[in-house]
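Rule-based calculations on the coordinates, nothing more; no lab input. Because the structure is a prediction, the values reported are computed rather than measured. Cβ atoms come from the backbone with ideal geometry, glycine included; neighbour counts cover every protein chain shown.
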Amino acid sequence: MGHRVAQRLGFFVLLIAGLGLVGCTTLNTAPTASFTCSSTSGPAPLVVTFDATGSSDVDGSIVSYSWAFGDGGTGSGVSASHTYTASGHYSAQLTVRDDGGATDSASRSITVTAAPAVVFRVTVDQILAEFEANEVAAQMKYEGKLTAVSGYIRDFGTYVNDEPIVLLNSNPGGSVFDDEVLCYFPVSASASVAQLSKGDYVTVVGKYWMYGLGNVYIRYCYLE
């Protein structure tokens with residue numbers, strides 16, 4: 001009798017312990033991936049900014065955001081910027097992971113059309129001379145037109161939003177006091193700009209932005 005009672009007590013102890021373990025186990029709900037695009041179509045080079053602040057996790061927090069832009073490029077972070085340099089149809093995908101290890105993905109289609117033709121090809125000297133001779137006429141000529149400017153890299157810089165800047169001079173031994181063409185690249189082009197060196201002779205394609213203090217400023221640039 002005593003042995004049977006001991007067996008029953010052991011069974012109830014195991015049952016209670018098992019119930020306790022079940023009660024402590026919680027299921028992790030997967031996060032929800034969601035993002036917006038600044039643009040889903042346009043001519044190359046198309047700069048697209050992605051924003052995943054709409055992603056959520058009901059029972060925890062998102063610990064990572066991984067981007068695959070569809071053309072081989074990747075990124076991370078709640079927001080990202082990417083430049084599509086070739087025409088085509090791309091599927092940009094976001095994958096989020098929560099603190100419990102669960103993941104979710106979302107995708108958007110990006111259509112890039114052929115790049116517009118370069119309208120003007122000039123050297124640093126040529127475009128600076130046009131603006132110095134008649135700023136109004138030069139601005140009317142270059143406004144909204146894709147322009148290729150060739151010159152020597154004197155220096156590099158960054159804009160307030162981390163856009164890389166390439167300062168083009170008319171000669172390799174240029175001075176900070178010279179009039180120059182300042183070329184503003186998208187953040188996604190930082191890796192390409194990082195491979196350049198001072199003194200390199202390059203051709204930068206971009207759109208006229210403004211003229212001031214003797215300098216010409218162009219934006220949305222890429223290397224030809």
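The magnitude of the dipole of segment 120-223, with charges of +1 and -1 set on the Cβ of Lys/Arg and Asp/Glu and taken from the Cα centre, is near 320 debye.
Taking K and R as +1 and D and E as -1, what net charge do the other residues with C-beta under 15 Å from the C-beta of Arg121 add up to? List each step's numbers first, then the result.
Working: positive: Lys141, Lys145, Lys207; negative: Asp125, Glu130, Glu224.
Neighbourhood net charge equals 0.
Spacing of the modelled spin labels on Ser39 and Asn171, each 7 Å from Cα toward Cβ, amounts to 3.9 nm.
For Ala102, the shell of other residues with beta-carbons less than 13 Å away shows a net charge of -4, using +1 for Lys and Arg and -1 for Asp and Glu. As a length-normalised measure over Cα pairs under 8 Å and 6 or more apart, the relative contact order of the chain settles at 15 percent.
Rounded to the nearest 500, what is the 222 nm mean residue ellipticity of the chain from helices alone, with -39500 (n - 2.57) per DSSP H run of 4+ residues and division by all residues? Write down the numbers at each step before the final one.
Details: 4 runs with 46 residues, N = 224.
Helix-only estimate at 222 nm: -6500 deg cm²/dmol.
Within the set of other residues whose C-beta is less than 12 Å from the C-beta of Gly173, count the net charge using Lys and Arg as +1 and Asp and Glu as -1. Could the numbers behind the result be given before it?
Details: positive: Arg154, Lys198; negative: Asp178.
So the surrounding residues net to +1.
Using only the Cα atoms of segment 110-199, build the gyration tensor, take square roots of its eigenvalues as a ≥ b ≥ c, and label the shape rounded, prolate or oblate: rounded if a/c is under 1.5, else prolate if a/b is larger than b/c, else oblate. Note, shape of segment 110-199 comes out oblate. Quick one: 3J(HN,Hα) in Hz for segment 34-45, Karplus 6.51/-1.76/1.60 with θ = phi - 60°, rounded, Gly and Pro as x. Karplus values, whole Hz, x for Gly and Pro: 7, 8, 10, 10, 5, 7, 10, 7, x, x, 6, x.
In debye, nearest 20, what is the charge dipole magnitude of segment 26-144 about its Cα centre with +1 on Lys and Arg Cβ and -1 on Asp and Glu Cβ, if you could check? Mind dumping the intermediate values first?
Details: 4 positive and 12 negative charges, 70 e Å.
About 340 debye.
Using the Cβ-Cβ distance between Lys145 and Asp51 with R0 = 22 Å, the FRET efficiency computed as 1/(1 + (r/R0)^6) comes to roughly 0.10.
For Lys141, the aspartates and glutamates whose Cα comes closer than 13 Å to its Cα, not counting residues fewer than 8 places off in the same chain, are Glu130.
The slack between Arg108 and Gln195, meaning 0.36 nm per residue of separation minus the straight C-alpha distance, is 28.2 nm.
Can you figure out the FRET efficiency of Val202 with Ala117, using R₀ = 22 Å and their beta-carbon distance, to the nearest 0.05?
Values: r = 20 Å, r/R0 = 0.90.
E(calc), rounded to 0.05, equals 0.65.
Using mean Cβ contacts within 10 Å as the protection proxy, how do 117-125, 42-50 order, highest first?
Working: 117-125: 14.8, 42-50: 18.7.
Ranked by mean Cβ neighbours within 10 Å, highest first: 42-50, 117-125.
Spin-label pair Thr158-Glu132: with each label point 7 Å from Cα along the Cα-Cβ axis, the two points sit 3.3 nm from one another. In order along segment 105-115, the phi-based Karplus estimate (6.51 cos²θ - 1.76 cosθ + 1.60, θ = phi - 60°) of 3J(HN,Hα) comes to 10, 9, 9, 9, 8, 10, 10, 10, 8, 4, 5 Hz; Gly and Pro are listed as x.
Placing a pseudo-label 7 Å from each Cα along the Cα-to-Cβ vector at Thr74 and Met210 gives an inter-label distance of 3.9 nm.
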